[in-house]
Amino acid sequence: MKANRMAWAGLVCLLAAAAVSCDTRSGASSAPSGTPSSAASPSSSASSSLSSSCAKGTFHWGKVSDSPKTTAVSQLVRVKAGKDSVKVTFRFARVRSVVAHVEASGEVSDKMVFRALEKRLDLDGVLLWHNGKAAPVPGKEEATFLGLEGKPRQFLEVHGVHVVEASFALDCATGPGASAAPLYGSVTAWYGSDETSLACGRKPAKKRWFREAYDMVCAGARS
């Protein structure tokens with residue numbers, strides 16, 4: 001009987017060799033203890049393929065806009081006329097946050113996107129602020145008005161930056177046999193700094209970037 005049990009155990013091992021390992025001395029079976037160390041998950045393979053194929057690519061730009069926008073305004077300061085000089089202090093409040101950032105449908109180097117945008121804009125050496133950098137808002141500034149005549153006037157100070165917004169497609173298939181799909185996305189960046197003083201009662205042209213500040217602040221000005 002013992003010989004028969006050994007024979008049956010051997011037969012079971014032959015039938016199940018692809019799935020289990022057997023111990024014919026006792027007739028027991030056990031599952032494999034691990035998986036091959038060389039196996040890679042589909043997600044990690046796809047990620048590494050995407051990174052390598054998009055390390056270099058060709059940008060196709062959609063809409064690209066470059067315009068100054070108001071980032072901060074001061075309170076109104078009333079300045080009396082009839083004096084040789086009047087010194088005032090402007091204190092600022094934020095109007096909008098402008099933060100450089102990239103959004104894309106897949107993994108892409110932010111630095112590569114900003115560099116490509118600089119090349120597209122051709123700003124004569126002016127560099128864009130890159131990812132995560134926010135446009136600053138001043139705390140306060142002093143100004144001196146000279147030789148004002150007539151009635152007292154109310155002034156405000158306006159700060160702004162040039163905001164660049166662009167959409168793009170990045171053709172990742174640049175190498176032999178490359179098959180990665182294009183990436184799509186958008187980028188927001190900014191550069192420079194603009195500021196000006198406005199007098200309520202002297203409305204600037206609608207197309208001027210600081211007209212927004214005039215309409216907001218001077219609407220509450222008292223004559």
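Just a few scattered comments:
- Extension gain, residue 65 back to residue 127 (0.36 nm per residue minus Cα-Cα distance, nm): 20.7 nm
- Rounded to the nearest angstrom and listed largest first, the equivalent-ellipsoid semi-axes of the stretch 94-151 from its Cα gyration tensor are 38, 16, 9.
- Summarising the overall dimensions of the stretch 47-174 from its C-alpha atoms, the Rg and Dmax are 21.9, 73 angstrom.
- At the residue level, residue 215 shows approximately 80 square angstrom of accessible surface with a 1.4 angstrom probe and all protein chains present.
- Report note on the peptides 151-158, 57-64: ranked by the mean count of other C-beta atoms within 10 Å, highest first, their order is 151-158, 57-64.
- With the whole protein complex present, residue 112 retains an accessible surface near 40 Å², based on a 1.4 Å probe.
- Unsatisfied cross-links (Cα-Cα over 23 Å) in the set 87/207; 80/140; 63/203: 87/207; 63/203
- Each Lys or Arg adds one and each Asp or Glu takes one away; over the other residues whose Cβ falls under 14 Å from the Cβ of residue 134, this sums to +4.
- Label positions at residue 193 and residue 208, each projected 7 Å from the Cα along the C-beta direction, are separated by 2.1 nm.
- Surrounding net charge for residue 206, when Lys and Arg each add one and Asp and Glu each subtract one, Cβ distance under 12 Å: +2
- Label-point separation, residue 87 to residue 151 (7 Å along Cα→Cβ), nm: 2.9 nm
The values are calculated or read from the model by the stated rules, or taken from the named source; none is laboratory data. Everything quoted here is computed from the prediction, not taken from an experiment. Neighbour counts are summed over all protein chains in view; Cβ atoms, including those assigned to glycine, are modelled from backbone coordinates with ideal geometry. Please note that ligands, DNA and RNA were not included when accessible areas were found on the heavy atoms of the full protein model with its side chains. Shrake-Rupley method; radii C 1.70, N 1.55, O 1.52, S 1.80 Å.
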